[in-house]
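Asks: Take a look at the following structure, please.
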Amino acid sequence: MILGEHIALGPILPVDLANLFLWGDDPAIARLNEPYLPKNIQRDADFWLNSAGDCRRTFFAIRARMEPEIVGHVQIMAIEPIHRSAVLGILVGKPENRGKGYDKEAMRLAIDYCWRHLNLSRLTLSVHTSNTRAIALYEELGFETEGVLRRAQFIDGNWIDLKLMAIMRNGR
């Protein structure tokens, strides 16, 4: 477990699957990343518990310190040990847990984990250009815009542009 001031990052547990499934099956949350599709609970469980043992990805549950319930997750995906890179993703699931700084602290801990434990040099992410709160957070953490994919996703009847952002490890 990785402890921060207000949160802890730890493993996804079977008890977390109900919340993860509900967040993934919520059209409002899905629209942040992809078109809504109904979820299959077994495939969802396999994905989160990494039943295939894919070493190119790792997921962390975000929990408020000393609280058992999951408030969100951090995904580190497409881990490339040769190129020393990966893709980050984050979600704070319930609206009442947003705006408390959990996302900022979780991202800081995840970035530090990528630098210190995975020995990575480059982290990337993509975000809808309309998601100004997320973009401001990523910029505050040191991510820089590398480009925009125009009309990259078709979600809820609209074309969405994606901003590509990256952060490099200092000294590399």
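Asks: If the cut-off is 25 Å between C-alpha atoms, which lysines fall inside it for Lys163, apart from same-chain ones fewer than 8 positions away?
Replies: Hits, sequence-local ones excluded: Lys94, Lys100, Lys104.
Asks: Which order, highest average first, do 85-98, 40-53 follow once you tally other Cβ atoms within 10 Å for each residue and take the mean per peptide?
Replies: Those peptides, ordered most packed to least, come out 85-98, 40-53.
Asks: Follow-up. Based solely on its DSSP helices, what 222 nm [θ] is calculated for the chain when runs of n ≥ 4 H residues each add -39,500 (n - 2.57) and the sum is averaged over all residues, nearest 500 deg cm²/dmol?
Replies: So the helix-based figure for the chain works out to -7500 deg cm²/dmol.
Asks: Sticking with this structure for a sec: What is the order of Lys104, Lys163, fewest Cβ neighbours within 10 Å to most?
Replies: Result, fewest neighbours first: Lys104, Lys163.
Asks: Let me ask another. Output wanted: per-residue J couplings in Hz (rounded whole) for the stretch 88-97, from phi through Karplus 6.51 cos²θ - 1.76 cosθ + 1.60, θ = phi - 60°, x for Gly and Pro.
Replies: Result, ordered by residue: 9, x, 8, 8, 9, x, 7, x, 5, 9 Hz.
Asks: Using the alpha carbons of the chain, what is the convex hull volume per residue in cubic angstrom, as a whole number?
Replies: Residue-normalised Cα hull volume stands at 123 Å³.
Asks: Using a Förster radius of 25 Å, what is the FRET efficiency between Arg151 and Arg122 based on their Cβ-Cβ separation? Nearest 0.05, please.
Replies: Taking R0 as 25 Å, the efficiency between Arg151 and Arg122 is 0.45.
FYI, it's all coordinate maths here, none of it is from the lab. Keep in mind that this is a model prediction, so the values were computed, not measured. No Cβ is skipped: glycine too gets one built from the backbone with ideal geometry, and neighbour counts run over all protein chains shown.
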